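No value in this document is a laboratory result; all are computed from the given coordinates. Values in this document were obtained by computation on a predicted structure and should not be read as measured data. Here the Cβ positions follow ideal geometry from the backbone for every residue, glycine too, while neighbour counts run over all protein chains shown.
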Amino acid sequence: MEPVRVHWQLKAILPVVLVLLAGLLMFTGATLSLGDPERHRVLMVAGAGAIAICGVSIGVLAALIHRPMVELQEKMTVISGGNLDVAVSFAQRNDEIGDLGRHFNSMMQQLRESRKEIETMHRTQMSRAEHLATLGELATGLAHEIRNPLAGIAGVIEIIGRDLPATSPAREMVKDVRVEINQINRILTDLLETARPHPPQMMRSNLNTTVEHAVMLARQQVLSQPIRIELERAADLPEVEHDSDQIHQVILNLLLNAVQAIDGPGRVGVVIGSEDGCARIRVSDTGRGIPEAQIAQIFRPFFTTKGNGTGLGLSLVRRIVDEHQGHISVTSEVGKGSTFEVLLPFSATAELEAVEQGLATRD
């Protein structure tokens with residue numbers, strides 16, 4: 001059963017009416033000693049005064065409260081239609097209603113500024129997306145055109161290397177050429193992965209195992225360097241729905257970046273855990289750190305601070321994490337190191353369905 005709706009005017013005037021009725025009853029008792037004609041006149045005057053007081057009270061309430069409330073309701077109706085260019089006129093009053101009006105106008109100003117900022121960001125992102133789409137098409141074609149002759153060059157270099165005498169100084173040059181060919185091939189692979197992404201193949205599996213494989217591979221890369229890579233597993237972590245190959249690529253990329261950020265002896269720590277209903281992977285290093293001005297740009301394609309980097313690694317990392325309905329963040333302090341944190345929902349499919357259902361409900 002729905003509660004009975006009582007208008008605020010009745011709620012406001014009812015105490016006044018009750019007080020006046022109590023006063024009339026007391027006044028009636030006090031006039032019992034008077035004669036009937038005089039007593040009737042006094043009671044009529046008192047009743048008329050009570051009615052006048054009620055009328056004045058209703059008028060005052062209507063002027064001071066009802067009109068601002070009606071105006072506020074009208075403005076809210078306009079806002080629900082998408083128009084944020086509204087303001088209430090009673091904000092100039094020097095009372096609580098005026099405070100309400102000023103807060104309302106201030107809130108609308110903030111909403112207008114926020115919407116303008118969101119629209120600007122949206123236009124920027126759309127422009128960047130169009131630019132990247134065009135660039136991706138060009139990059140895919142260019143990568144294929146380079147890769148085919150590169151494979152031929154690599155084959156010729158291999159043959160030349162086998163035919164050279166063991167004492168020939170040219171063997172070192174051939175070795176250097178092989179290294180450069182591998183570097184070009186790696187750049188082309190990163191470029192193709194960025195320009196032509198593959199959707200993740202989601203399966204429930206042990207995230208500890210996925211991360212451990214990446215750590216083992218990274219340790220092989222630093223055997224000749226004074227760098228320790230330490231792993232802290234989460235023994236009680238439930239299985240996580242993820243593409244093990246792609247998450248392996250994410251962790252390996254973060255580990256290699258951490259290693260490259262360390263000059264001399266250092267440490268890279270990998271900690272697996274859970275946070276806010278998600279699996280958490282934290283990769284921290286004791287390297288050079290990232291200047292604050294660059295943190296906002298490190299996930300942008302082709303942005304790099306390394307001389308031989310492509311600037312595609314972290315962009316690819318963020319794309320993979322986003323496709324897993326996860327989140328990646330970074331904190332850093334110059335001279336002390338950086339920490340990358342990846343959050344992955346235990347069930348990325350359920351997370352995606354919840355997002356899609358929320359969008360459908362809002363539409």
Scoring only Lys, Arg, Asp and Glu (+1, +1, -1, -1) among other residues with Cβ under 10 Å from the Cβ of Gln201 yields -2
Stretched out fully, how many nm does the piece from Glu117 to Arg171 gain, at 0.36 nm a residue minus the Cα gap?
13.5 nm
At what distance in nm do the modelled label points of Thr209 and Gln297 sit from each other, each positioned 7 Å from its Cα along Cα→Cβ?
4.2
Glu130 versus Glu275: modelled label distance in nm, points set 7 Å from Cα along the beta carbon direction
3.8
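Can I get the semi-axes of the stretch 76-175's equivalent ellipsoid? Compute them from the C-alpha gyration tensor as square roots of 5 times the eigenvalues, in angstrom, largest first. Numbers along the way, then the final one.
Working: eigenvalues 1027, 53, 8 Å².
Computed over the stretch 76-175, the values are 72, 16, 6 Å.
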Count neighbours as other Cβ atoms within 10 Å of each site's Cβ, and list the GluC sites (Glu not before Pro) in the stretch 196-301 that are DSSP loop with at most 13 such neighbours.
none
If all Cα-Cα distances of the stretch 203-354 are sorted into 5 Å bins from 0 onward, what percent lands in each bin, rounded to whole numbers?
2, 9, 19, 23, 21, 15, 8, 3, 1, 0
Here the net charge surrounding Arg171, from other residues whose Cβ is less than 12 Å away from its Cβ (Lys, Arg +1; Asp, Glu -1), is 0
Shape descriptors of the stretch 180-253 over alpha-carbon atoms, Rg and Dmax in angstrom, are 14.9, 44
Between His198 and Asp163, the two model label points (7 Å from Cα along the beta-carbon direction) sit apart by a distance in nm of 3.7
